[in-house]
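One structure is given below, encoded as structure tokens.
The values are calculated or read from the model by the stated rules, or taken from the named source; none is laboratory data. These figures come from a predicted structure and were not determined experimentally. A quick note on method: Cβ atoms are made from the backbone with ideal geometry, for glycine too, and the neighbour counts reach across all protein chains shown. Ligands, DNA and RNA are excluded from the accessible area calculation, which covers all protein heavy atoms including side chains. Shrake-Rupley method; radii C 1.70, N 1.55, O 1.52, S 1.80 Å.
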Amino acid sequence: MATIWMSEKVAVQELQCRLSNVAYSIDEIMQKESSSFYAADILKELKQQFAFLSGGRGQDGSPIIILPEFPSFCEIGDQEFHNVLTYLTSIPSLSAAGVGFIVVIDRRRDRWTCLKGTLLRISGWFPGNLRLVLVLRPSAILQRMLSDVFFKLNRDDFKVPVIMLSSVTDLHSYIEPSQLTQELSGSQYYCHKTWISHRTDLESFAASVKRMSQRLLVFGRELAETELPNNLQTASSLLNAHTSKKESLKEEMAGALSQGRNLLENIREPVRRDPESSLNPDQLENIATVHRLLSQLNESSSAFDDFWFQHRNKMELSLKLCQFAYNFQQVQTDLKQATDTLNAFSDVGISYAQTEHLLEELTSHEEKACDVLERVRSLVAEGQGLIDSSQNEDDSVAINCSELQKAREKLTQEFKDKRTMLTQAMELHRRLDMVCNWCDDGMYMLASQPLDKCQSQEGAESALSELECYLETANEKQQWDISTVWLEYESILKNELKEQVKCAFEKKVSIQEMFERRRVSLKKLAAKQTRPVQPVAPRPESLSSPAHRDHENSFTSEDSDRRVSCKQVSSDQVDRSSHIASVSEEETLAVLRRHVMNELLETERAYVEELMCVLQGYAAEMDNPSMAPLIPAALQKKKDVLFGNMQEIYNFHQRVFLKELENYTDCPELVGRCFLDWMGELQIYEKYCHNKPRSESLWRQCSDCAFFQECQKKLEHKLGLDSYLLKPVQRITKYQLLLKEMIKYSKGCEGSVELQAALSSILGILKAVNDSMHLIAITGYEGNLGDLGRLLMQGSFSVWAEHKRGHVKVMELARFKPMQRHLFLHEKALLFCKRREESGEGYEKAPSYSFKQELSMSAIGITEHAKGDSKKFEIWSSSRDEVYTVQAMSEEVKTIWVTEIRKLLTGQLEACKEARQQRPPDQLTSDTSSTNRLVRNDSNLRSGGVEKQKTEEERDKELENISEPRMTERTKGSSCSSETKPKRQDIRSDPTPLGWSKGSLSLDASMEHDGYFSAEEQMTSDPEEEREEKLCEDEPQSMRIAEEIHCSEETENSEK
């Protein structure tokens, strides 16, 4: 690296020298030694055009400066005059300026006094070599005479050669007409504005070239002084930053180059317009100047490119070194891991099968290690290339390469040694198995010889021959003894393996001794027959093959192991039970929380898999062209109706919610946060539940089609699609049950508040789903339900109506049975509906609600306690023309409804007060009177009399004292306390879900009149309505969610 650093120092010195020469050359080209002015500095004076350089030349090549007619020449200051002449004399080349300038003064329309002043100025100060002054004297007779006379008298005052000319013809005798402008009867075209533009562009281009060379020089020094980083990321970022800045400078240089070329085109514009014309000497000099500047710009670019090439090589080398160091660390780590894994293969196995398995694992590990070894080889080659190409004096790369090469060779050799060791162990186990098998077969042969037949000489000889033949096979297969094993397999023999070898050979010796004893006995029997001895033959069941004995032994061993395992399991259970019994209550709750969390995760995973099966096995198959013939016409293009937004639910649970739940595996008490974070996404279940009746209806129409049967067959499902379409409904209800369990075991824990909030949110979703499904079943309402505000509560009530017609109060005396009405409490209105049950089964039997009456919340009042029953309350209009006595199913339901209505009315009063305070006084009369009317009705109810008339001032005062508008309380016959406040989510809405009741109700064809209850309705009882009301009273109110949970349990049981 030292050589590279030295070379870069030389490179930056060379760059500095070349760019300094460029800057000096630019100053020389622009002739700034003689003048430091730029056209932009004296642009105002130049635009006055009291003197200009036309570009013409005299007969000897002298530059011509023309002072044209300028009436206010005397008003020009000396400094301005000096600046312009200094600048004009600095423009021509040094050779042309050395010949001397010719000044042409045109004063044909001027006076002698002005001419004299001009000559005195020029004679008094001229910045260049003035060769001749040609003056076109005044053309007026008097001024001409004065000029002739006074010029002769004052000739000596003019220290420059001056020639007075009478006309331009005389001027042409000194200067060719082609070198004079058209104002002087010449043929040269001159535009002062164009001349100024060319000069400013030329000087701007020269300044850009000079500035660019200086920036390149500064950037080169910055690059040379940059310290090389030691890590890969910093080196890469630094190289990218330098490259980006270099590209930016190169773009600026390209812009300057384009500027110079455009300037050349502008100067050559007259020739391009008129090919017969020619450029004047000054224009030719400008072109030459631009070419020289472009040459200097190219020189700057070339100098920097040479320097950048060396700097980039240095940076790339540094990057390669950092990359090599990083790769070296990575490879070194991988080598260590491979070595550690290899060192774990210290055992050679206690059987042939185990050793074979170890050899397979070694082979697999060796295949993985081959990638590491290949990377080591590649990295060593890369390091060697760095050493050869960089002339690196630092030997760290060489040391690392040597270290890697040694580690690679060592690991390769260890793999070979380990493979050789396992191969030897396999050979040893194979030979030991041969010895054991020979021993087992020999024992079987000895046991199977019929001893009764051996009593004869022939039988003994036959048995002896069989015995000797078997011994010969032993000599052929077992040519090695135990001493040979110790020598041949010394490297792999461990204590356990040594014991196996000893046992095998001891068994072999024992069998050989048995053979020898049997052979001796058989030889005696074959040599000489003695009196016959009746031996006792062995029992057949005692003779069994070695394989059979091995089989029995294996079963015995398995039974023994199983008994040991059972004992261990039993012991573990006892230990675990004793441990659980000994732990504190807090630890027990933690165990229960983990159990609930495990159930949540397991059921969530199963739920995601079930949704995936449905979407892939049913929904996707509806788009499969090969299944199209099996799809009935009623099902075609109805995938969105059948499955709803199940795909959206699956995507959310599979991609987001399941992963988020898994993050709380170790802290189940905090899982409420997960529900709260994603509670907004769980609102998608509301859309699915809204579509469920349509889905169920479509399923019942097409459930027997071949398409569903084929899909179910492919999926091997025992249950039909309808069971799986219930899964989302079951799942959203399952969450609240699990959260309740978690809350029970998390009291006092950190996340108990979040758990309770999550449970409330889930219950809110269930309630919103239930309420909305009731709401969409309303029929006969002509307005827009969305205009009524948010649905707060809904439920079924018994309602008595009382109407006042004119001055006659019609009381309901004949009708003792109430009307059954379903009430929907919105923010802005209260709807009375009649529930009607449709015919059909399941979702086909979904109830609907016929709209009957609407009461605006801004025009009603409430009496919390009605006579006769603590479960009753009254709702009445502002004028008390209509009074509705409402009986709830329980006092708790009544309390909830009364409290909610009170909140709405109180909010209306506060809003009315705020609006009244903001309105002008003249607009308050109507509001006050209407409010006081409500108060007056309330007072009449309490006192039973008629309220006296009050003045407007008294009404205003009473309005200020009102605390609860349109709310009264009867003290007589009230047995319900308003302090009873059960939980709202438990009893706020009617628990009877839409379309999920399995009962059957008749269809009532009678309709009420125009949205209100007539007196005839109250006095006359509709038999069909009474029958329907009785059915409603007898029908059990079962929650849809509870029914779905029951269905879920039945589905799970059937699946099990």
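Brief remarks on what is shown
- Filtered residue count, segment 267-280, keeping only those that are of a type outside the set (D, E, K, R) and closer than 13 Å to TRP195 by Cβ: 4
- Residue count for segment 221-233, restricted to those that are free of Cβ contacts under 8 Å to residues at least 40 places away in the same chain and within 31 Å of the chain's Cα centre (by Cα): 1
- Any hit, segment 917-930, residues being modelled with pLDDT of 90 or more, open to solvent by 40 Å² or more (accessible area, probe 1.4 Å) and part of a loop (DSSP other than H, G, I, E, B): no
- ASP305 being of a type in the set (Asp, Glu) and more than 47 Å from the chain's Cα centre (by Cα): no
- Condition broken by LEU719, with the remaining ones in (1) among the aliphatic types (A, V, I, L, M); (2) in contact with an Asp or Glu (Cβ under 8 Å, 6 or more places away or on another chain); (3) farther than 29 Å from LEU635 by Cα satisfied: (3)
- Lone qualifier among LYS767, LYS740 - being in contact (Cβ under 8 Å) with a residue 40 or more places away in the chain and either over 12 Å from VAL596 (Cα atoms) or surrounded by fewer than 18 Cβ atoms within 10 Å (Cβ to Cβ) (or both): LYS767
- Residue list for segment 254-267, restricted to those being open to solvent by less than 50 Å² (accessible area, probe 1.4 Å) and either outside any helix (DSSP H, G or I) or under 22 Å from PRO281 (Cα atoms) (or both): GLY260, LEU263, LEU264, ILE267
- Count of segment 301-346 residues which are at pLDDT below 85, among the aliphatic types (A, V, I, L, M) and within 21 Å of ILE399 (Cα to Cα): 4
- When segment 219-239 is filtered for residues that are open to solvent by less than 30 Å² (accessible area, probe 1.4 Å) and in a helix (DSSP H, G or I), the ones remaining, listed by number, are PHE219, GLY220, LEU223, ALA224, ALA235, LEU239.
- All helices (runs of 4 or more DSSP H) inside segment 610-717 with 2 or more residues being more than 25 Å from the chain's Cα centre (by Cα) and surrounded by fewer than 17 Cβ atoms within 10 Å (Cβ to Cβ): 639-643, 684-702, 706-715
- Meets criteria (in contact with a Cys (Cβ under 8 Å, 6 or more places away or on another chain), surrounded by 13 or more Cβ atoms within 10 Å (Cβ to Cβ), assigned to a helix (DSSP H, G or I) and modelled with pLDDT of 85 or more) for VAL380: yes
- Within segment 876-883, none of the residues are modelled with pLDDT of 90 or more, of a type outside the set (Gly, Ala, Ser) and buried (at least 22 other Cβ atoms within 10 Å of the Cβ).
To keep it simple, each residue is scored yes or no on (1) open to solvent by less than 80 Å² (accessible area, probe 1.4 Å); (2) in contact with a helix residue (DSSP H, G or I) (Cβ under 9 Å, 6 or more places away or on another chain); (3) touching a residue at least 12 places away in the same chain (Cβ under 8 Å).
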residue: HIS198; (1), (2), (3): yes, yes, yes
residue: LEU217; (1), (2), (3): yes, yes, yes
residue: SER244; (1), (2), (3): yes, no, no
residue: GLU252; (1), (2), (3): yes, yes, yes
residue: GLU269; (1), (2), (3): yes, yes, no
residue: GLN283; (1), (2), (3): yes, yes, yes
residue: ASN286; (1), (2), (3): yes, yes, yes
residue: ARG292; (1), (2), (3): no, yes, yes
residue: GLN296; (1), (2), (3): yes, yes, yes
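- Residue in segment 31-46 that is farther than 28 Å from ARG292 by Cβ, modelled with pLDDT of 80 or more, surrounded by fewer than 14 Cβ atoms within 10 Å (Cβ to Cβ) and in contact with a helix residue (DSSP H, G or I) (Cβ under 9 Å, 6 or more places away or on another chain) present: yes
- Taken over segment 435-450, the criterion of being over 14 Å from TYR470 (Cβ atoms) and either surrounded by fewer than 15 Cβ atoms within 10 Å (Cβ to Cβ) or among the basic types (Lys, Arg) (or both) is satisfied by PRO450 alone.
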